[in-house]
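Trainee: Just dropping this structure here.
Readers should treat all values here as calculations from the given coordinates under stated rules, not as data from a laboratory. The structure displayed is predicted, hence computed values, not measured ones. Using ideal geometry, Cβ is built from the backbone for each residue, glycine included, and neighbour counts are taken over all protein chains shown.
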Amino acid sequence: MGDTEDRLPVVDETNAPYVRMMYKMRSEGASSPQIAKALNAQGVITPSDYTYKRLGKPNPYISNHLWNAAMVRDILENPIYKGCVVNQKYTTISYKNHQRYIRDSDEWIVIDDAFEPIVDKELWDKVQEVNKSCSHGKVTKSGVILPLGGLMYCADCGAKLKNNTTFHESKKRGKYKLVTYICNTYANHGKEVCSSHS
C-alpha cells in the first residue's frame with residue numbers, strides 16, 4: 001500500500017498481485033510457511049526491504065530479506081487490505097515507557113470501506129476463518145499435542161519458534177520430558193542473525 005496527500009492508503013499495483021496471491025493461497029488451505037516459500041521462490045521483495053527501498057536506505061535487518069510465516073500472517077490478518085482504516089491499533093506501556101505493542105483486535109477502531117481494497121471482503125473473511133480453524137497448536141509425529149506449537153514467533157526477526165524436546169531423569173522427579181522453544185532463524189543460521197530466545 002502507498003498513501004495519498006491526505007494520508008489515505010492507495011493500492012500499490014506493483015505489489016497488489018502478490019497480496020491477492022497470498023489471500024488466494026491461504027483461502028485454498030496453504031499454510032503461512034508455504035506462502036512464504038512461494039514468495040521467496042518468485043523473488044518478491046519483503047515489506048521491510050520495500051520500506052527501506054522507498055527511503056533510499058539499505059535494510060539493516062539481515063533476516064528480513066526473506067519472507068517468513070510471521071510476515072505472511074501479518075498481511076493475512078490486516079483489515080487494511082479489504083479497504084479499512086484501523087485506528088488505536090497500538091498503545092504504549094506507560095507515559096514513561098514508549099515501547100509500542102499491538103492492542104487486542106477488539107480494541108481497534110475500524111472504519112470500513114475507507115478506500116479501494118486489494119482483496120474483497122468475502123475473500124478476507126474466508127481467510128480469517130481459515131486462520132481461526134488452524135490455531136489449535138501443533139501435533140508432533142508421535143501424536144503429542146503441543147498447545148503452543150506453531151503459534152509462537154520470535155519478537156526480533158518474526159520467525160516461528162521451534163520446539164525442542166529432551167528427556168531427563170532426577171532423583172526428585174524421576175524421568176521427565178522437557179519441551180523448550182527456540183528461534184528458528186537462530187537454529188538455522190546461528191547467533192550472527194538472531195538469538196535463541198529459549
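Trainee: Along the range 24-39, what does the Karplus equation 6.51 cos²θ - 1.76 cosθ + 1.60 (θ = phi - 60°) give for ³J(HN,Hα), rounded to whole Hz, x for Gly and Pro?
Mentor: Along the range 24-39, the couplings run 5, 4, 5, 5, 8, x, 5, 7, 4, x, 5, 5, 4, 4, 5, 5 Hz.
Trainee: Further question: If you rank Ser170, Ser32 by fewest surrounding Cβ atoms within 10 Å, what's the result?
Mentor: Least crowded to most crowded, the residues run Ser170, Ser32.
Trainee: Within the set of other residues whose C-beta is less than 11 Å from the C-beta of Asn68, count the net charge using Lys and Arg as +1 and Asp and Glu as -1.
Mentor: +2
Trainee: Another one. Return the distance in nm (one decimal) between the two label points of a simple spin-label model at Glu116 and Lys57, each offset 7 Å from Cα along Cα→Cβ.
Mentor: Placing both labels 7 Å along Cα→Cβ, they lie 3.0 nm apart.
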